[in-house]
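Each reported figure results from applying straightforward, stated rules to the coordinates on display, with no laboratory input. Computed from a prediction, not measured in an experiment: that's the story for all the values here. With ideal geometry, Cβ positions are generated from the backbone for all residues, glycine too; neighbour counts draw on all protein chains shown.
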């Protein structure tokens, strides 16, 4: 490389020209661990592109000095907007700068390592070529829809033309990510290569400049059938989200159909304007959730504890899936069960998970190699983290932990996945009760992000901190909670589910109850949720947690009868609903009004407020975060306690 000219260096960017005449432009956002686009960073990019153009290079490669490429626009910029008009102004800045990049008269290449999200992906689309690091951490996504907004720096305009509308809308409307290999198959990147040849590949692709990939003929046809494509996509969106709750995916479809993805042509259209989305309360609440999620992630930060071996006791659905997730994330896992015949089904489920998530036979094999059936429990002796996930029986857990404590290394974490028993009661079996911590996962483990990290009366504070680090290591969200029956999530769900069962006993149709709660914004109604969890589990948890249940007569009749008949829900094919190929068979709901919705959700809200007053969780924001990520509480409402505050404010 030539010596970097001081004039080619700014706060966030630097560039230099090599002997081949290539310019290498490096993004290194000052004072940040990740590259994101602030207003200043985007302005500096525009200045750098103008200066580079004057040097008439043979090509330009844009790269990152961070562990990842570009994570998108800085969300802090969004919350600082004083008006929707300021949002449009920021959009104009990014739109113009990326158009300038796309218009450069020489070949340009994005050299992508790690996350390439949102505005970072739009920058990559502005380049003629994209070369990606072929590693699991390299991910491509447009997460804007999850913030209640849309990709507005040409993303909606350029992506369908590059990979076709079907694949483009799948990314734009869901926020889901694609790894480097899938991106290569889609045509999103030109090359996906290992680190040792990444830089050289970017160099050669740029200098050779063989031309962009042609869009397949069938996708060209679909580009000319926008109204049809949009109508089909809208039907799929409607199955997942109501327009009044989540306007962004509908706006993306209309922006592409009517205006070819140009937000400035749509500036006065309330169906798909940037200003309308930013003015909508959903965007404000989804951005609130983004910051709540970041706060949960921060609770698991720490470099002084890096467990490598995990021992899980209990190969049922919960224990088996916990073990599978740990192996998926690179840990060596030994899986023990008192009934060895349960190990084979657990490993089979793990293999199916690895196939779905990894989509690479080599990586699938490696993950399976890390999951070791261990009928004798020998793995406990070398484990850094030991997790008990057997059935909810206090004496069984006490007996198990007495043996685990004797086998475990002195510094190993001893954790229980109990959902309803108090840690203090379990810990009486230990010589050192301070070693026990709760690491409480939720079913289905692969899908649900939240994990409650439970600190008992005697639990070492340092142990709780390390447990949270472990939770983040396996890509979950740790929520510190105080030891109390049901902790947070089950404590709040208990009265909510009990109330729904009471209404079922009174003759309200399950379809009506579920429809009312889905209209409120819950991802699943309480009847279907009970079937998904398992009616036997609901019955056991209800008996353990309900403070006012003092006799069998207090147990909901429909719940007791279904369990007695062996109709346990989705897992048996029959519960409150009948299941065909894993899906509930539902009739039409009866008509209902706002009164039913309020009656159903009120116990949930009241219990969340009570948890705050009792100090089970540190503050209202963490309660909101826990209930959004643990129960799916209507995200567009910003959390139950936030919703209560909004409701109180609007009633004044």
In degrees rounded to 10, the 0-90 angle between helix 594-614 Cα long axis and the longest Cα principal axis of the chain is 80
The residues 469, 386, 623, sorted from fewest to most surrounding Cβ atoms within 10 Å, come out as 469, 623, 386
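Using every Cα-Cα pair within region 310-485, state what percent have a distance larger than 31 Å.
Details: 1309 of 15400 pairs.
Roughly 8 percent, once rounded to a whole number.
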Scoring region 335-493 by relative contact order with C-alpha pairs under 8 Å, at least six apart, yields a percentage of 16
The Cα extents of region 428-481 along the principal axes, largest first and rounded to whole Å, are 36, 19, 15
In cubic angstrom per residue, the convex hull of region 6-279 built on its Cα atoms measures 125
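Could you work out [θ]222 nm for the chain from helices alone, using -39500 (n - 2.57) per DSSP H run of at least four and dividing by all its residues? Round to the nearest 500 deg cm²/dmol.
Taking each H run of at least 4 residues, the total per residue is -15000 deg cm²/dmol.
Mind ranking 143-149, 25-31, 361-367 by how tightly packed they are, going by the mean number of other C-beta atoms within 10 angstrom, highest first? Before the final figure, lay out each step's value.
Details: 143-149: 23.9, 25-31: 17.1, 361-367: 14.7.
So the order, starting with the most tightly packed, is 143-149, 25-31, 361-367.
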Protection proxy (average C-beta count within 10 Å per residue), highest first, orders 106-114, 190-198, 506-514 as 106-114, 506-514, 190-198
On the formula 1/(1 + (r/R0)^6), with r taken between the Cβ atoms of residue 599 and residue 402 and R0 of 35 Å, the FRET efficiency rounded to 0.05 is 0.15
One quarter of the C-alpha convex hull surface, i.e. the mean projected area of region 300-382 in nm², amounts to 5.8
Here, region 490-615 modelled as identical Cα point scatterers in vacuum has Debye log10 I(q)/I(0) at q = 0.09, 0.11, 0.20, 0.22 Å⁻¹ of -0.24, -0.36, -1.19, -1.39
Computed over the Cα atoms of region 387-478, the Rg and Dmax in Å are 12.4, 36
quick note, the chain, DSSP beta bridge pairs, % antiparallel (nearest 5) is 25
If one compares the long axis through the Cα atoms of helix 165-174 with the longest principal axis of the Cα atoms of the chain, the angle in degrees, nearest 10, works out at 50
Given all pairs of distinct Cα atoms, region 250-407 yields a Kirkwood Rh in Å of 19.2
Helix 247-259 sits off the longest principal axis of the Cα atoms of the chain, rounded to the nearest 10 on a 0 to 90 degree scale, by 30
Two pseudo-spin positions, 7 Å from Cα along C-beta at residue 214 and at residue 391, lie apart in nanometres by 6.5
Which of (i) 165; (ii) 219; (iii) 174 is the computed volume of the Cα convex hull per residue in Å³? It is (iii)
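What is the chain's relative contact order, in percent, from Cα pairs under 8 angstrom and six or more apart in sequence? Each step should come with its number before you reach the end.
Working: 1195 pairs, mean separation 55.8, N = 652.
After rounding, I find 9 percent.
State, to one decimal in nm², a quarter of the convex hull surface area for the C-alpha atoms of region 76-229, i.e. the direction-averaged projected area. Walk me through the intermediate numbers first.
Numbers: hull surface 39.5 nm².
The Cα convex hull of region 76-229, projected and averaged over all directions, gives 9.9 nm².
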For region 520-633, averaging the sequence separation of alpha carbon pairs under 8 Å that lie six or more residues apart and dividing by its residue count, the contact order in percent is 24
One would report the antiparallel percent of DSSP beta bridges in region 310-485, rounded to the nearest 5, as 10
